Amino acid sequence: MAIRTKEQLRDFVHETVRTTPITDIHTHLFTEAFGDLLLWGIDELLTYHYLVAETLRFHPQLPYESFWAMSKREQADLVWQTLFIDHTPYSEACRGVLTVLCKLGLDVESRDLASYRAYFEVTPLNEHITNIFRLAGVTSACMTNDPFVDKEREAWVALAEVDPRFHTALRIDPLLNQWETTWSKLADWGYEVEEALTERSYAGIRRFLNDWIDRMNPLYMAVSLPPSFAFPEDSARGRIIANAIVPVARERDIPFAMMIGVKKRVNPALGDAGDSVGKADVTAVEAICALYPENKFLVTMLSRDNQHELAVAARKFRNLLVFGCWWFLNNPSLIEEITRMRFELLGTSVIPQHSDCRVLDQMLYKWDHSRSIIAKVLTDKYGDIMDTGWMPAETEIKRDVADLFGETFWRFLGKPNPARAVEA
Ligand code: RAT
Ligand code: ZN
């Protein structure tokens, strides 16, 4: 059926965006089998590093070490008191906690932290995972799987199978960003590598990647990169990308995801909350896409200043798929601006958002907040073409939203969306 009025359009787009199932292409969640690597519950929500950074701003006298020496519960108490009781929680990360509580049916108005804790204490985890995926309308979430984290590596060795609601992504930051210390780990694990990047070392790195790809079956390989990222480059990183990552990604037919623009530990005392952002050079993205047309690249950039150039680069290179409003960009004003610009330059050939959830329950807010902005922008875009007499059909709107929330990603991978098979 064709849409006839702007009012019908608005209602239909909002309803479609609200109900279309999502493939969440980048999270830091884990399956239950990974034990306490999967974070969930109110104390984890409150100690999310986005909120730690906000809290400590209000306590200039509190030594960082004293904060980290507190138990998780004490840290959560301090965050709650500081950001929710002593001040109004309208920052995006604070609002997120309120959205989660609201979606779980808890009494937000009561401000009763003890009752929120009581709720999570009696909730069985497996049931909770199912409930969160259902309430968030997410059919599958991609983990971030880092073989350089001891706990995770050990979990993989013992793992029988991966819960089908989760996909894997092989994350390799230390390999590319700290080769000078990482090579000896590979050597300890039996790979024939040395610090010098010789043919033997490249072969050892390729074997390492292939072994982990065999073990994890990842949808893609991923790295986060500094603003200074350049390519091609005569550096350990540049040479490993060219001689190991690119050939393995091509042979195994998986994309290489580059998350560019993070300035690591500008304040190391803050831990994960101490990373910052810097403007990077999109020339590196253009160069890698041009040099390796047979490879696929998923790219997100952290600086607002890079967004327009990155979208233009995607117009030039069909092996480049831009995704998400990452980290400091995951705020309503910036999501709206970036999504609008991307839809204008790229139509539906973009992945507008990923959640980056570190805590399971965050899926409820990250997607809820993004869905309403995406719906608003789409309504405007369809409205503009309706003014020419092009009346979008309901089936066309459903198709477009399904593309934005997963099908574009799965087509880029060259794999069927497993959730579709379940529906059919
Ligand atoms: O957004 C975040 O939680 C960051 O700390 C990072 O994990 C970032 O998303 C990344 O994947 O490096
Ligand atoms: Zn992330």
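The values are calculated or read from the model by the stated rules, or taken from the named source; none is laboratory data. All of these numbers come straight from a predicted model, not from anything done at the bench. Counting neighbours? That spans all protein chains shown, and the Cβs are built from the backbone with ideal geometry, glycine included. Accessible surface areas use protein heavy atoms only, side chains included; no ligands, DNA or RNA. Shrake-Rupley method; radii C 1.70, N 1.55, O 1.52, S 1.80 Å.
Structure above, values below:
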{"item": "Pair list, Cβ under 6 Å, 6 or more apart: region 50-66 residue farther than 21 Å from ASN330 by Cα, other residue open to solvent by less than 60 Å² (accessible area, probe 1.4 Å)", "result": "PHE58/THR82; TYR64/ALA269"}
{"item": "Contacts under 9 angstrom Cβ, first residue in region 155-178 being among the acidic types (Asp, Glu), partner within 16 Å of ligand 2 (Cβ to nearest atom) and open to solvent by 10 Å² or more (accessible area, probe 1.4 Å), 6 or more apart", "result": "ASP173/ASP146; ASP173/PHE148"}
{"item": "Subset tally (residues that are away from ligand 1 (no atom under 16 Å from the Cβ) and either under 10 Å from the mean Cα position of the chain (by Cα) or of a type outside the set (S, T, N, Q) (or both)) for region 339-358", "result": "10"}
{"item": "Per-region count, region 126-161, residues farther than 20 Å from HIS369 by Cβ, within 16 Å of ligand 1 (Cβ to nearest atom) and among the aliphatic types (A, V, I, L, M)", "result": "2"}
{"item": "Selection count where residues are assigned to a helix (DSSP H, G or I) and open to solvent by 50 Å² or more (accessible area, probe 1.4 Å), scope region 185-221", "result": "9"}
{"item": "Complete set of residues in region 247-279 that are open to solvent by 40 Å² or more (accessible area, probe 1.4 Å), within 14 Å of ligand 2 (Cβ to nearest atom) and among the β-branched types (Val, Ile, Thr)", "result": "VAL277"}
{"item": "Where LEU101 falls short, out of the listed (1) without any contact (Cβ under 8 Å) to a residue 12 or more places away in the chain; (2) assigned to a helix (DSSP H, G or I); (3) among the aliphatic types (A, V, I, L, M)", "result": "(1)"}
{"item": "Lone unmet requirement of (1) hydrophobic (A, V, I, L, M, F, W, C); (2) open to solvent by 20 Å² or more (accessible area, probe 1.4 Å); (3) under 21 Å from SER372 (Cβ atoms) for PHE317", "result": "(3)"}
{"item": "In region 1-46, the residues that are of a type in the set (Val, Ile, Thr), open to solvent by 20 Å² or more (accessible area, probe 1.4 Å) and either more than 30 Å from THR408 (Cα to Cα) or assigned to a helix (DSSP H, G or I) (or both)", "result": "THR19"}
{"item": "Conditions (1) open to solvent by 10 Å² or more (accessible area, probe 1.4 Å); (2) out of contact with any Leu (no Cβ under 8 Å at 6 or more places or on another chain); (3) polar (S, T, N, Q); number of the one not met by SER224", "result": "(1)"}
{"item": "Pairs with Cβ under 6 Å, 6+ apart, first in region 263-275 and within 21 Å of GLU44 (Cα to Cα), second loosely packed, with under 15 Cβ neighbours inside 10 Å", "result": "GLY274/ARG265; GLY274/ASN267; GLY274/PRO268; ASP275/LYS264"}
